[in-house]
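Student: Have a look at this one.
The values are calculated or read from the model by the stated rules, or taken from the named source; none is laboratory data. Not measured: the values here are computed from a predicted model. As a convention, Cβ positions derive from the backbone with ideal geometry for all residues, glycine included, and neighbour counts pool all protein chains shown.
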Amino acid sequence: MSSSYDPRKLTWNDTHTVNKEHQYCYCGGDRNLIEVSLQCSDCLNWFHVKCIKISVDTTIPIFTNYIFHCKLCNPSGEESFKRCQAGWKEIGGCAIANLMLHQHMTDHNASKGDSRYLSANSVNLSPFRYYFNKNEHLRPFVDKNWSSLCTERSRTATWWATLGSCLYSTKDLFVAKDENNRSASSNFCLVDPNLWNIRPGHFGTSHSRTPSKSTKDVNNNNNRTNHHDNSSAHASSSKLSITSTDQSMTPPAMQSNSSNAVIALIQASSSNTEFGQSGEQNNLRHGFKYLPCELDNLFPYVQYRNSELSPYGVRLSKEDASLSVWISGDQLTTTTEFGFSMARANCSVKEGQWFYEVFIDRGGEGKIDGKDAAHVRVGWARREGNRNSPVGSDAYSYGFRDLTGHKIHQSRLYPYGEPFKTGDVIGLYISLPPLKKVIPGYQPISPKRHRIPILFKGDTMFEYKDFKPTHKMNQLLELPEKKNEKKYWWQQKQDESNPSSTSQLPELATLPGSKIIVYKNGICQDVAFENLFSFFPTVDEYTNDDDLTEDDGSLGYYPAVSMFRGGTCTLNFGPHFRYPPPPDPELEISLNNSSTTTTTTTSTNISKKSSNTTDGVRKWRPISERYMEYVAEDILNDIVDEIEIWDWMVSQKQSPIKRPAVVDLSDGGIMKKRKLDESYGETSGDTVP
């Protein structure tokens, strides 16, 4: 240490980044913002990279993902430097900070070592107010300086979508140029534009200058104004811009209800985790599904049972998603880089009233540069629905479209509600009648699960026969004939011999009284669909899979979303919702339809009105409550399977069978499975190799 100053007598600012004496390092010299300096994690003093002995490999002057110990604080007497993995907040913040510094130097013809960037002149250097776009500025900058900004982080195919979601959701660190139309594609600046405040851990704390109004009345949530995009505004917003230094840099506080803390965590979840691809076992074998299982000594005959993977609760299922879908670590946020792909929840509903919400992180963007941009569709889907297509593309799903607000089913659009885009919250309510009303005399029976345990790349999982689309359901997708369409002579003859073949649609079972209702930011869009198709399996005379005519425990309607080219959404399964529906949504709609008033009714106002009545008991349930029921049903089914096999062996006077070998599919190939005794396979609901 230089004897010219005593570091213990320095006068530091609150962030410990600038001292009044402007003395730092071993040499006692001043800091320069455009030259790399490291802060010791012990004494918090700053040291020039040129004055330390260890090598620091970096391509940018401002970065925070490191731990440094100077030789005066390290017990070994040697300097130590270690890179850390940066979070997306840190990556986005450092990228914007370096771009701000570079732009300021360009505007003022500054060069390396310029005295204007010394800490002694920090008071004269006004905060920079530059805004940068994710696609035009941040994405190429981060990609070029990946090793410095994203140390030890894998470069996934959709990292830029994760960064955009982080910028959009982290309002206490990043401010958009147009907060009224804030989205992942907005131009962003730092809430705290003073680059002298940046140090390790800087982007892990809130920089908002106004406290969040957590106690604000929930009715304020209904005073939203829908701002529609226009092409001229979008064209200008994609360019880098500079604003005056007296502009407020504090973003508006997030409006909140009584469960604001929970909602805030859900909204920001996509910025705290990295997206991962869905399991490759999804496409291992056509017509089969794969779920994790484990060996359990409590089941000596079944021997294997389903195993739940974390995170525990209702979530998006990586085991039941398209391969092109990317799902976050908490499995609540999802996106895709390519065409429409679907992701479904891990639990279905069969009867009752249920509700969940979808936060649109990015969607409804229309066309950009002549190409379709990000889109999101939301709704409900059955197991048989195609995972590589949007919600509503077939007869197995019902969807709501972002760009036009149309409802969609069987790939047919119907005018319905308001369009939605980035920042909107879509609520989805479904009402399914009791199964005893659908099928007179219905009695729940043990599911027939046709499954075997296999080993795939070190993981044990069940291979199930999966339900496939039937010919009758596919007939609904046949397009109507074009007028004046010319036909070959043999086509005309075929139509004459069977005139009803193209005009009659198959009769399919429905769920009487079932409904789907959609809410946008708490405003009811009316009933979207009624009398949904029944989810019970039917015998398809065009296939030989007539053994899949009974529920295996997976049938029902699943919460489902589909994304297109960067479309991103976060699902909230409850129990706390941003815009909860009224206690009885169906009753409220019927009352509103019979009323002559034309005022718009929000779900929050309806909830207050209903709660003041004697019959304002909530009729619906959050999807989150379905998880424990789902687990209990699965355990009960395992017990029933065990008893059935034991009963069969007793009746046949058989000794207990040995534990079967597990089929190994680790090489990706399909090995032939050993055939079991036919009588054993016919008697038990479970099969083992």
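Student: Would you check which residues across the range 93-113 are in a loop (DSSP other than H, G, I, E, B) and touching a strand residue (DSSP E or B) at 6+ places or on another chain (Cβ under 8 Å) and list them?
Tutor: GLY113
Student: Looking only at the range 52-71, decide whether some residue is over 30 Å from SER154 (Cβ atoms), out of contact with any Cys (no Cβ under 7 Å at 6 or more places or on another chain), of a type outside the set (Asp, Glu) and surrounded by 15 or more Cβ atoms within 10 Å (Cβ to Cβ).
Tutor: Within the range 52-71 (the criterion being over 30 Å from SER154 (Cβ atoms), out of contact with any Cys (no Cβ under 7 Å at 6 or more places or on another chain), of a type outside the set (Asp, Glu) and surrounded by 15 or more Cβ atoms within 10 Å (Cβ to Cβ)), the answer is yes, since at least one residue qualifies.
Student: Output the number of the condition that PRO660 fails; it satisfies all remaining conditions of (1) at pLDDT 85 or above; (2) over 29 Å from LEU332 (Cβ atoms); (3) not aromatic (Phe, Trp, Tyr).
Tutor: Just one mismatch for PRO660, condition (1).
Okay, residues lined up against (1) over 26 Å from ARG153 (Cβ atoms); (2) modelled with pLDDT of 80 or more; (3) out of contact with any Gly (no Cβ under 9 Å at 6 or more places or on another chain):
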position: ARG285; (1), (2), (3): yes, no, yes
position: LYS289; (1), (2), (3): yes, yes, yes
position: TYR301; (1), (2), (3): yes, yes, yes
position: ALA345; (1), (2), (3): yes, yes, yes
position: VAL349; (1), (2), (3): yes, yes, no
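Student: Here is a further query. Which condition does GLY77 not pass, out of (1) surrounded by 13 or more Cβ atoms within 10 Å (Cβ to Cβ); (2) more than 25 Å from CYS150 (Cβ to Cβ), if it passes all the others?
Tutor: The single condition GLY77 does not satisfy is (1).
Student: ASP42 fails exactly one of the following numbered conditions: (1) closer than 25 Å to MET100 by Cα; (2) within 41 Å of the chain's Cα centre (by Cα). What is the number of that condition?
Tutor: (1)
For every residue, the table says whether it meets (1) in contact with a helix residue (DSSP H, G or I) (Cβ under 6 Å, 6 or more places away or on another chain); (2) within 20 Å of TRP46 (Cα to Cα); (3) aromatic (Phe, Trp, Tyr).
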residue: PHE68; (1), (2), (3): no, yes, yes
residue: ASN74; (1), (2), (3): no, yes, no
residue: HIS104; (1), (2), (3): no, no, no
residue: ALA157; (1), (2), (3): no, no, no
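Student: What number of residues in the range 131-145 are in contact with a Lys or Arg (Cβ under 9 Å, 6 or more places away or on another chain) and farther than 18 Å from ILE60 by Cβ?
Tutor: Selection size over the range 131-145: 3.
Student: Next question. Quick check on this structure: which one of THR156, THR162, THR170 is at negative phi, surrounded by fewer than 21 Cβ atoms within 10 Å (Cβ to Cβ) and among the hydroxyl-bearing types (Ser, Thr, Tyr)?
Tutor: Being at negative phi, surrounded by fewer than 21 Cβ atoms within 10 Å (Cβ to Cβ) and among the hydroxyl-bearing types (Ser, Thr, Tyr) holds for just one of THR156, THR162, THR170, which is THR156.
Student: Considering the range 624-639 alone, what residues qualify as being hydrophobic (A, V, I, L, M, F, W, C) and surrounded by 14 or more Cβ atoms within 10 Å (Cβ to Cβ)?
Tutor: Residues satisfying the conditions are VAL631, ILE639.
Student: Going by what's in this entry, would GLY405 be described as touching a Gly at 6+ places or on another chain (Cβ under 6 Å), assigned to a loop (DSSP other than H, G, I, E, B) and under 24 Å from TRP354 (Cα atoms)?
Tutor: So GLY405 passes the test.
Student: Here is a check on your reading of the model: is GLY392 touching a His at 6+ places or on another chain (Cβ under 8 Å), part of a loop (DSSP other than H, G, I, E, B) and either more than 29 Å from ARG305 (Cα to Cα) or at pLDDT 95 or above (or both)?
Tutor: yes
Student: Still on this model: Tally the residues that are in contact with a strand residue (DSSP E or B) (Cβ under 8 Å, 6 or more places away or on another chain) and either buried (at least 18 other Cβ atoms within 10 Å of the Cβ) or under 30 Å from LYS171 (Cβ atoms) (or both), restricting the search to the range 80-92.
Tutor: 3
Student: Got a number for residues in the range 621-651 being among the aromatic types (Phe, Trp, Tyr) and under 26 Å from the mean Cα position of the chain (by Cα)?
Tutor: Counting residues in the range 621-651 that are among the aromatic types (Phe, Trp, Tyr) and under 26 Å from the mean Cα position of the chain (by Cα) gives 2.
Student: Here are TYR5, TYR26: which of them is under 16 Å from ASN74 (Cβ atoms) and not aliphatic (A, V, I, L, M)?
Tutor: TYR26
Student: On to the next question. Go over the candidates ASN133, ASN197, ASN180 one by one and state the one that is within 30 Å of TRP12 (Cβ to Cβ) and either within 23 Å of the chain's Cα centre (by Cα) or surrounded by fewer than 22 Cβ atoms within 10 Å (Cβ to Cβ) (or both).
Tutor: ASN197 is the lone residue from the list that is within 30 Å of TRP12 (Cβ to Cβ) and either within 23 Å of the chain's Cα centre (by Cα) or surrounded by fewer than 22 Cβ atoms within 10 Å (Cβ to Cβ) (or both).
Student: Okay, moving on. Name the residue, out of SER317, SER310, SER322, that is small (Gly, Ala, Ser) and in contact (Cβ under 8 Å) with a residue 40 or more places away in the chain.
Tutor: After applying the criteria, what remains is SER322.
Student: Give CYS25, CYS43 a once-over and let me know the one that is farther than 28 Å from MET105 by Cα and at pLDDT 90 or above.
Tutor: Within the list CYS25, CYS43, the selection yields CYS43.
Student: Within the range 534-555, identify whether any single residue is surrounded by fewer than 20 Cβ atoms within 10 Å (Cβ to Cβ), within 30 Å of ALA374 (Cα to Cα) and either of a type in the set (Val, Ile, Thr) or modelled with pLDDT of 95 or more (or both), and answer yes or no.
Tutor: No: the range 534-555 contains no residue that is surrounded by fewer than 20 Cβ atoms within 10 Å (Cβ to Cβ), within 30 Å of ALA374 (Cα to Cα) and either of a type in the set (Val, Ile, Thr) or modelled with pLDDT of 95 or more (or both).
Student: From the list LEU138, LEU149, LEU99, which one is crowded, with 18+ Cβ neighbours inside 10 Å, over 28 Å from ASN13 (Cα atoms) and in contact with a Phe, Trp or Tyr (Cβ under 7 Å, 6 or more places away or on another chain)?
Tutor: That would be LEU138, the only listed residue that is crowded, with 18+ Cβ neighbours inside 10 Å, over 28 Å from ASN13 (Cα atoms) and in contact with a Phe, Trp or Tyr (Cβ under 7 Å, 6 or more places away or on another chain).
Student: I've got another one for you. Is there a residue being part of a loop (DSSP other than H, G, I, E, B), closer than 22 Å to PRO537 by Cα and either without any contact (Cβ under 8 Å) to a residue 12 or more places away in the chain or in contact with a helix residue (DSSP H, G or I) (Cβ under 6 Å, 6 or more places away or on another chain) (or both) anywhere in the range 411-419?
Tutor: no
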